[in-house]
Amino acid sequence: MRECNMVTVRIDEMISSIDPNIFGHFIEHLGRCIYPGIWVGKGSSIPNEDGLRKDVVQAFKSIGAPIIRWPGGCFADAYHWENGIGPVERRPRGINIWWGGGESNEFGTDEFIHLCRLVGAEPYICANVGSGSPREALAWLEYCNYGGNSKYAETRASYGHPEPYKVKYWGVGNESWGCGGSFDPVYYAWEYRRFATFLKQADSSIKLIACGHTTRDWNLKFMEVLKDAIHLIDYLSIHYYFGNPQRYGGDVDFTDEQYLNLLFDVQNLEYQINQAISIVDFFSEGRKDIGIAVDEWGVWHPQAMVESGLYQQNTLRDAILSAAVLNLFIKYSRKIRMANLAQAVNVLQSICLTKGEKTILTPTYYVFKMYQSHMGNLALKVKTESPIIREPSEKDSAGSLRLRKNIKPLKALDVSASISQNRKELIITLVNQSLDEDLDVKIDLVGGNEVCEGNLTILNAENVRAYNDFDFPENVKIREEPLTVKGKTFNFKAQRHSINRLALKLTE
Ligand code: AHR
C-alpha cells in the first residue's frame, strides 16, 4: 500500500454554490423507459399511484431527484403535446418515428407533472421546434403556467388541475443539429430567437435552454446570432455520451484496459465543458451569466441498440464513471447549473431497471444517493496527489489535435468536496479508480475548523464488473461504516475501485 496519496481540501476557497439540478434526470418515450418503466396505468397489478409505478417514484424520491427532463430526446421534436391530454380513451394513438412502435399518449403532460410532484422534482419540458411551431409551444406554456381565464388554462382546469403547474424550465428543441431538425447553427439560432421571444414574453419567469453542441463551431455560430439577444438564453445545453465499443468494451464484458480508457476519457467531457463555457462567456460576459446544462449524459454501451430499446446493464464501472463525472460537474459548478443523466429507467445508464413487477436499483443509483449530500452546498477547491493509473497513448483523442495537446494522465484518486451553507458540514466524495491498489490517503483540511465527527458511506464490490440483476438485486449497494476522525489532518483507506462519501461535522 502506498503512502503518497494526498487530498488537500481548501475550506477557505469556494468555487460556487452547487446547483441541485446538476443531479438531474431525463426520461423519454423510448424503449421501456416510460412504458412500463414509469407508467403502468391505473388498472395495473403492479403497485402504482394513479398509474405511476410506486417503486420507481420511490427510487427518484430517495435520491432527491431535483429535476426531470421530458418528453425527449429525439422524441420531443416529433411530439405534439395536445395528443397527450384529456381522457385517456380519447387520446389519439401516434407513432414513435425515432424509436419505433406506437405511442398511446397515455403518459402526457398531466401525468408527467404528477410524477414530478410525487418525487418533489422540478419539471423540465423540451418543446418541439423541429416539427412544431411557436404557436404550439405557446399553447403548451399557457396550458402549464397560465392561471387566468384562457382556452388552455380552462382546458387544464377542466381536466382536474385548476392550479397552474408553473413549469420553469423549457428546452427550445433537442439536438437541433441532428434528430431535432437537421438545422445549421445559424438557422437554428434564428428559430431560437423566434420561439424564445414569444415564450419569454408570455411568461417572464421561465428559464430557456438553448440547444448547443459538442462542436465548437455550432456553439460559436449560434451565440454570434444571439449576441444582441442574450436576455433570451438562460442555459446552453450540451450532450455527452461515452460510447465507443472498441475503446470501452461491453456493458458487463470489458478488459481492464477498457475500464481505464473509459475513465481516462472523462477529460474529453471536461474539454467540451470548457469550450462551451468560454464561448458563452465570450458573448455574454458582463451582461448575463448563462449556465451550461449537460442535459443528456452517460455511458452508451454497444448492447443499447434501437432494436432492444437502448437497454443495457450497469456495473460498478458505470457507477465509478458517474461519480467521476459528478465530481467534474462540482468542479465546474460556477457554470454548470444543470445536468440530466440519460435515462432514468430501462434506457442507457439507468438508475432503475424493471422486469414485470420487479425493480432493481443499479450501482449508478447509489452514486446519486451518495452525492445528494452535495446539493446546495458550496463547492471547495481540492488538490489531489496519487499514482498515475493510465498514461496518455497515441490512440487517445485521435481526430482532435487541440484536445491531444492538453491530454492529462489518469490518476487513481478523483475527489470533490463541498461545505454546507452554514459551514457546519463538510462532504468529501472520493473515488479510488485503481483496479488493483487500496490507497492510504492523507486528507488535509486547510483554512477552516476542525472535524469533530464523521461517517462514511462506501460503494464497492469484489469485482468492478459486478452488477445487480433480478436474481441478485443487491450485489452492489452502499454500506455505512464508522469513521473515527478528528482534527484537520487524518488518514483514510480507500479501497480499490470504490466510491466513498465522508460526511464530516466541523467544530463551531
Ligand atoms: O438518449 C437517447 C437519445 O440520444 C436522445 O433521444 C437524443 O437526444 C440523443 O441523441
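Nothing in this text is a laboratory measurement; each read-out follows from the coordinates by a stated rule. Everything quoted here is computed from the prediction, not taken from an experiment. Glycine gets a Cβ as well: all are built from the backbone with ideal geometry, and neighbour counts include every protein chain shown.
Results, tabulated for the structure shown:
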item	result
Rg/Rg_ref, the stretch 256-327, where Rg_ref = 2.2 N^0.38 Å and atoms are Cα	1.42
Overall form of the stretch 307-452 per C-alpha gyration tensor (a/c, 1.5; a/b vs b/c)	oblate
Rounded FRET efficiency, nearest 0.05, which uses the C-beta distance separating ILE97 from LYS477 and R0 of 45 Å	0.70
Antiparallel content of DSSP bridges confined to the chain, in %, to 5	60
Cys with no candidate disulfide partner in the chain (beta-carbon separation under 4.7 Å rule)	CYS4, CYS33, CYS116, CYS126, CYS144, CYS211, CYS352, CYS452
Overall dimensions of the stretch 103-187 as given by Cα atoms, namely Rg and Dmax in Å	14.3, 42
Distance in nm between pseudo-label sites at ILE388 and VAL446 (7 Å out along the Cβ direction from Cα)	2.3
The chain: DSSP helices with Cα axial extent of at least 18 Å and average Kyte-Doolittle hydropathy no lower than 1.0	316-331
Debye log10 I(q)/I(0) for the chain, one point scatterer per Cα, at q = 0.05, 0.09, 0.10, 0.12 Å⁻¹	-0.19, -0.63, -0.78, -1.12
The stretch 372-480 pair-distance distribution - Cα-Cα, 5 Å bins, rounded %	2, 9, 15, 15, 16, 15, 13, 9, 4, 1, 0
Residue-averaged 222 nm ellipticity for the chain, from DSSP H runs of 4+ at -39500 (n - 2.57), nearest 500	-8000 deg cm²/dmol
Gap separating the Cα centres of the stretch 406-454 and the stretch 1-70, nearest whole Å	23
